[in-house]
1. Give me the accessible area of H78, 1.4 Å probe, in Å² rounded to the nearest 10.
2. If one takes the longest principal axis of the Cα atoms in the chain, at what angle in degrees, from 0 to 90 and to the nearest 10, does the Cα axis of helix 87-96 lie?
3. Longer than 25 Å from Cα to Cα, which of K30/K72; K72/K97; K14/K97; K97/K121; K53/K97 are they? Say none if no pair is.
4. Amide H neighbours of Q100 under 5 Å, counting only residues 5+ apart in sequence or on other chains, H built in-plane at 1.01 Å?
5. Is it possible to state the helix-based mean residue ellipticity at 222 nm for the chain, with each DSSP H run of 4+ residues giving -39500 (n - 2.57), the sum divided by total residues, to the nearest 500 deg cm²/dmol? What is it?
6. Which one, L87, L56, L29, has the greatest fluctuation when you compute a Gaussian network model over the chain with C-alpha springs under 10 angstrom?
7. Can you tell me the dipole magnitude for segment 2-132 around its Cα centre, using point charges on the Cβ only (Lys, Arg +1; Asp, Glu -1), in Debye to the nearest 20?
8. How large is log10 I(q)/I(0) at q = 0.09 Å⁻¹ when the Debye formula is applied to the Cα atoms of segment 2-132, each weighted equally and without solvent?
Amino acid sequence: MNLSHIEHIGIAVKSLKEAIPFYEEVLGLKCYNVEEVVEQQVKTAFFMVGRTKIELLEPTGADSTVARFIEKRGEGVHHVAFAVEGLQPSLDELAGKGVQLLDRTPRRGAEGLQIAFLHPKSTLGVLTELCEQGTKLTI
Ligand code: CMX
């Protein structure tokens, strides 16, 4: 498997409106994109730090995975996403090694990426995402 860098770190927040000013005014980053991912019931806000993004996640539905996460654990780091070359072969390789995949095949994520999640129970408690620049996704 060929991981190139940390593509983004996902951070669950109750409100983008309240969280964005911390990242902009205190940490001095610039929010360059706000995007809703309807299927995931989240609104996302992105900041670039070097080659890595911070992705803030605000739940848009009370029973969404991010809303449940905040309810159980409070706001905080939700997932780590690695950029990978060859997402489908990587998923096949991981499945062969017994890693529990939440997505057996890639699906569309924010910012036009193809993404797939690995179950935190299989990855030492860290919800892990693999991402690849998406041009070939047909679903
Ligand atoms: N990191 C680590 N552990 C997590 C977790 C997270 N982000 N979210 C849930 N868990 C743990 C829970 O603490 C719980 O552990 P225990 O059994 O020890 O209590 C277990 O996983 C099940 O949690 P749950 O709330 O009952 O289950 P969910 O139905 O929320 O499912 C998960 C959890 C990981 C399968 C689900 O969140 C998922 O499919 N995630 C992938 C998709 C996703 O996160 N989308 C939002 C971001 C989208 C984006 O970035 O675009």
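1. About 30 Å², rounded to the nearest 10.
2. With both axes taken from Cα atoms, the answer is about 60 degrees.
3. Going by Cα-Cα distance, K30/K72; K72/K97; K14/K97; K53/K97 fall outside the 25 Å limit.
4. H119, S122
5. So the helix-based figure for the chain works out to -5000 deg cm²/dmol.
6. Between L87, L56, L29, it is L29 that shows the largest mean-square fluctuation.
7. Value, rounded to 20: 280 debye.
8. -0.25
The values are calculated or read from the model by the stated rules, or taken from the named source; none is laboratory data. If you're wondering where the values come from, they're calculated on a predicted model, not measured in any experiment. Cβ: placed from backbone, ideal geometry, glycine included. Neighbour counts: every protein chain shown. These accessible areas exclude ligands, DNA and RNA; they are computed on the full protein's heavy atoms, side chains included. Shrake-Rupley method; radii C 1.70, N 1.55, O 1.52, S 1.80 Å.
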